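What follows is one structure encoded as structure tokens, with my remarks underneath.
The values are calculated or read from the model by the stated rules, or taken from the named source; none is laboratory data. Note that the coordinates shown come from a computational prediction; the quantities given were computed from them, not determined experimentally. Glycine gets a Cβ as well: all are built from the backbone with ideal geometry, and neighbour counts include every protein chain shown.
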Amino acid sequence: MVTTWSPAYARVSFLNCLHTEPAHWYNPVSNLEEVRMKKLIVTVCKGNIERSVLATLCIARELAKLPDGNDYVVESRGIQGMPGEPVSAHSNLMLYGEVWPLAAPVLEEFGLEWPRDKLSTPMTFEIATEASVIYAMDRKVLEKLYTAFPSLSGKIRLFGELTGNAEDVADPYDANTVEGHRSVVQFIDSTVRKHIRDILTHCA
């Protein structure tokens with residue numbers, strides 16, 4: 001049974017759980033020294049609130065199944081908060097009182113435990129430089145990354161290219177319906193499951 005979340009409850013729950021352990025296969029980057037020992041996969045969406053975090057969760061889950069999965073680390077970022085971009089309204093999906101009640105049951109359907117300790121973080125040149133591959137969740141994000149980091153354009157890709165169709169991953173916040181969230185989670189989940197080896201090939 002999924003708890004019915006109110007905005008106030010979501011905020012209290014989030015603040016109370018900031019220091020709880022995340023899912024066993026979710027290991028956020030703690031320092032760049034760790035990154036330099038492995039290959040870094042970065043996913044980027046607008047606010048680093050939902051899509052890029054979803055992709056990170058799905059990739060980390062698949063990496064945990066692979067014998068060479070420990071050779072990689074995955075992290076998410078957003079373009080909001082970068083120079084010229086406003087910051088996100090809240091720092092975690094759970095704090096969006098009008099969104100979380102619709103997204104939470106979908107996440108449960110797919111067996112995804114949302115990382116309560118994940119805070120919205122803007123993309124930086126330092127992380128972009130360390131990354132082996134950077135996946136933008138839509139073309140607007142892709143163009144922002146190309147503009148911000150022109151010297152690194154060779155490692156920046158559209159996430160949807162993995163399917164062969166180069167399609168954008170829609171922002172579920174725009175429609176904010178259960179079906180909208182389900183469609184996005186299903187697309188990201190199935191794409192990662194089918195193409196995890198392609199993702200690792202892009203890190204080469």
Selection status of A175, under 17 Å from C45 (Cα atoms), of a type in the set (A, V, I, L, M) and surrounded by fewer than 18 Cβ atoms within 10 Å (Cβ to Cβ): yes
Residue that is nearest to L93 (Cα to Cα) [pool: residues in region 155-172 that are touching a residue at least 60 places away in the same chain (Cβ under 8 Å) and buried (at least 21 other Cβ atoms within 10 Å of the Cβ)]: P172
Leading residue by the ranking (surrounded by the fewest Cβ atoms within 10 Å (Cβ to Cβ)) among those in region 133-154 that are touching a residue at least 12 places away in the same chain (Cβ under 8 Å) and of a type in the set (F, W, Y): F149
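Inspect region 79-92 for any residue being closer than 22 Å to H202 by Cα and at pLDDT 95 or above and give the result as yes or no.
yes
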Condition check for L66: among the hydrophobic types (A, V, I, L, M, F, W, C), part of a loop (DSSP other than H, G, I, E, B) and more than 17 Å from the chain's Cα centre (by Cα): yes
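Which residue, of G111, G97, is in contact with a helix residue (DSSP H, G or I) (Cβ under 9 Å, 6 or more places away or on another chain) and without any contact (Cβ under 8 Å) to a residue 12 or more places away in the chain? Write out each step before concluding.
Working: G97 fails: without any contact (Cβ under 8 Å) to a residue 12 or more places away in the chain.
Exactly one residue qualifies, and that residue is G111.
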Candidate set: region 113-132, residues that are crowded, with 20+ Cβ neighbours inside 10 Å, under 14 Å from the mean Cα position of the chain (by Cα) and among the hydrophobic types (A, V, I, L, M, F, W, C); chosen: the one farthest from A55 (Cα to Cα): M123
Scan of region 35-57 for residues that are of a type in the set (A, V, I, L, M, F, W, C) and assigned to a strand (DSSP E or B), ordered by number: L40, I41, V42, V44, C45
V42 vs. criteria more than 22 Å from A204 (Cβ to Cβ), of a type in the set (A, V, I, L, M), at pLDDT 95 or above and in contact with a strand residue (DSSP E or B) (Cβ under 6 Å, 6 or more places away or on another chain): no
